[in-house]
Every structure is written in structure tokens, then in C-alpha cells.
1. Can you name the number of the only condition in (1) touching a Pro at 6+ places or on another chain (Cβ under 6 Å); (2) closer than 21 Å to G204 by Cα that T154 fails?
2. Please find, within segment 10-42, the residue that is farthest from ligand 2 (Cβ to nearest atom) out of those that are part of a loop (DSSP other than H, G, I, E, B) and touching a residue at least 40 places away in the same chain (Cβ under 8 Å).
3. Which is acidic (D, E), within 16 Å of ligand 2 (Cβ to nearest atom) and under 21 Å from A35 (Cβ atoms), of D109, D78, D103?
Amino acid sequence: MESSDLKKIIQGIPKAELHLHIEGSFEPELMFEIAKRNKITLDFDSIESLKKGYMFNNLQEFLDIYYIAAKVLIHEQDFFDLTWAYLCKVYSQNVLHVEVFFDPQTHTDRGVEFAVVINGIYKALEKAKQELNISYKLIMSYLRHLSEEEAFKTLESSLPFKHWIDGVGLDSSEIGNPPSKFVNVFKASANHGYKLVAHAGEEGPVAYIWEALDLLNVVRIDHGNRCLDDGVLLQRLRDEQMPLTLCPLSNVALKVILNMKDHPIEKMLDEGILATIHSDDPAYFGGYMNENYYEIAKALNLNIDQLMLLAINAFEASWLSSEAKAKHISQVKTYFKSLNS
Ligand code: HPA
Ligand code: ZN
């Protein structure tokens with residue numbers, strides 16, 4: 001298929017984004033604009049020199065820059081602008097539903113109040129719901145390089161805003177910070193009504209995926225690339241139709257895989273795993289939803305049926321009501337049928 005035809009098909013697919021760190025959608029142009037108005041000097045003297053630093057050998061090298069960049073976010077307006085810019089971008093890519101992570105500790109540890117962070121993000125999400133017809137869920141992520149006690153403090157801070165938050169996640173430096181470190185805070189989060197997800201098996205071993213399932217009781221695994229190492233786990237993921245939110249451009253950028261052609265998603269689909277495609281930190285990894293679909297489709301030579309399955313899986317794996325899921329899945333099917341006529 002011609003590249004332009006593939007891009008056109010991907011553009012038209014009704015899409016759901018389920019693995020997106022809002023701080024990872026911080027484009028350099030907006031970063032410099034907000035730094036300027038907050039009178040903060042970035043360590044980089046231009047957008048070009050900042051972008052030159054976007055060459056990572058692993059997750060930690062990326063996180064080091066990601067946390068530095070987040071330091072320019074101070075006021076509610078900054079969090080609003082960040083979120084609104086992301087939503088406008090994905091609106092242009094026919095994304096109809098988003099489930100967005102935010103990292104409160106990245107901000108509260110610098111003295112920015114939880115309320116400032118969530119008010120900005122929430123107002124942008126609500127505006128997108130009203131004006132762009134994008135539905136959303138919001139997921140608060142605990143930073144796994146910090147202690148469980150600190151995660152408990154974050155849980156406590158979130159409670160006045162509980163009605164805006166749908167779930168909790170676990171992100172940041174994976175190796176050496178297993179899911180087992182957060183068993184108690186995940187249990188407490190569930191008792192407050194939050195749904196549970198966790199990053200596992202991105203860089204970390206397959207044992208972390210088992211822990212996320214058995215000790216944290218998550219309803220979705222973020223990444224989970226390493227599951228193909230373990231046949232028993234594969235069987236479990238298939239039987240439970242446990243969603244895995246894969247992020248192809250992220251995997252290449254962070255050297256989780258060396259080449260897009262090595263990406264495990266096709267094998268996962270063949271194995272009957274509920275695998276889905278998302279963008280993780282699009283401002284850092286070279287693209288949003290369309291670009292992730294395009295690069296993976298091109299590298300693995302995915303066919304139309306596989307693209308349709310990926311689009312359906314994302315709605316299936318979402319936290320939308322069963323009615324909304326059915327509506328969007330039927331939209332996806334109608335779209336793909338229209339391509340044949
Ligand atoms: N992995 C883990 N933590 C993260 C990521 C990621 O890709 N992005 C932002 N926090
Ligand atoms: Zn992630």
C-alpha cells in the first residue's frame with residue numbers, strides 16, 4: 001500500500017488513547033512559552049538544542065529530561081494549556097476518547113499544590129468534552145521510584161477530587177521498583193473506588209507483570225512487552241482478555257526494542273491478546289496516535305483487518321460504558337466497511 005493511502009486510512013480510524021502521560025505531551029514550543037511567562041530559565045538555550053537532547057538509551061535517560069521539563073509548570077493555566085494543546089492535537093487525529101495519566105508527585109514535590117494541577121487538567125478535559133466531543137477518563141499515577149508512604153500521601157491529597165479521578169496507575173523508573181512495593185496503597189486506592197492499572201514489563205521482567213496482576217489486581221497492564229517470554233502468562237492474559245496498552249514509538253525511542261520490525265504486537269494479536277496501540281509521551285517519542293499506527297503498520301506490514309482489530313481493542317479495553325463501547329466499535333466497523341466500497 002502507498003504510504004499516503006495508509007496515512008489516509010489511519011487518519012479516518014475512530015481512535016481511543018488509553019496510555020498517555022499528559023506531562024509527556026509537553027511540546028518544546030509550549031515549554032519555552034510557559035518558561036518565559038513564569039520567568040524560568042531552561043537549561044537549553046533554544047528549542048533545537050532541547051530537541052537534540054531527545055536521544056535516549058533507556059527509560060531513565062528519558063525520565064531525567066521529562067522531570068526537568070515539568071518544572072516549568074507552576075500555575076493552573078499552565079496545566080490547562082498543556083492539556084488543551086494535547087486535546088486539540090488528538091482531535092485533529094480523530095481520537096474520540098482519551099484516558100489520561102498525570103503524575104501529581106512530579107509537581108507536589110516542587111511545592112505546586114495538587115489542586116492547581118488537577119484543576120488545570122480537569123478544566124481542559126471538560127472543555128474538550130463540551131467543544132470537541134472527546135470523552136475522557138483521568139488516571140493519577142504514583143511514581144514508583146518514590147516510597148509507598150509518599151504514594152499514600154498522594155492518595156490522601158486526591159480524595160477531595162475523587163469524583164474527577166477514575167483510576168490510579170504506576171509509572172516512572174521500573175527496574176528495582178516492582179509492583180509489590182505498592183500493594184498496600186493500591187488496595188487502599190481500590191477501597192476509595194479507583195480502578196487500577198500499572199506499567200509492567202516495559203523494561204522490567206515478566207515477574208513484574210505477574211505481580212501487577214496477582215498482587216495489585218490491575219485491570220490493565222501498561223506496556224507488558226515482555227509477556228511473550230512466558231507461555232503461562234500468555235495463556236492467562238488471553239483467558240482474562242487482560243488489555244495491554246502498547247506504545248510502539250516509545251519502545252523504539254527508549255530502546256525497549258531496537259527496531260520497529262521487532263515489535264511484539266503482531267504476535268500478541270495472533271495469540272489472541274487484547275493488545276492496543278497508544279502514544280505514551282508523544283512530544284518526546286516522535287508522534288501521537290496516527291504516527292504510532294503508521295509506523296507500526298508500515299514496519300510489520302499490518303493488514304486492514306489487523307488495523308481494525310487494534311482500533312476495536314482500544315475501545316474494548318477502555319473504561320467507557322458498555323453502550324459507549326458498542327457505539328464506538330460499530331463506528332469503527334462502519335468506517336472499515338466504507339473503505340471496501
Ligand atoms: N514509562 C514509565 N514511566 C513513565 C513513562 C514511561 O514510558 N512516561 C512517563 N512516565
Ligand atoms: Zn507510560
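1. The one condition T154 does not meet is (2).
2. Of all residues in segment 10-42, those part of a loop (DSSP other than H, G, I, E, B) come to 13-14, 26-27, 38-42.
From the residues that got through so far, the ones that are touching a residue at least 40 places away in the same chain (Cβ under 8 Å) too are 13-14, 26-27, 38.
Details: I13: 22, P14: 23, F26: 14, E27: 17, N38: 26 Å.
Within segment 10-42, the match that is farthest from ligand 2 (Cβ to nearest atom) is N38.
3. Details: D109 fails: within 16 Å of ligand 2 (Cβ to nearest atom); D78 fails: within 16 Å of ligand 2 (Cβ to nearest atom).
The match here is D103.
Table: residues versus (1) part of a helix (DSSP H, G or I); (2) without any contact (Cβ under 8 Å) to a residue 24 or more places away in the chain; (3) within 16 Å of ligand 1 (Cβ to nearest atom).
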| site | (1), (2), (3) |
| --- | --- |
| L96 | no, no, no |
| V100 | no, no, yes |
| V116 | yes, no, no |
| L159 | yes, no, no |
| H163 | yes, yes, no |
| I175 | no, no, yes |
| N184 | yes, no, no |
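Throughout, read-outs are computed from the coordinates displayed, never taken from laboratory work. Not measured: the values here are computed from a predicted model. As a convention, Cβ positions derive from the backbone with ideal geometry for all residues, glycine included, and neighbour counts pool all protein chains shown.
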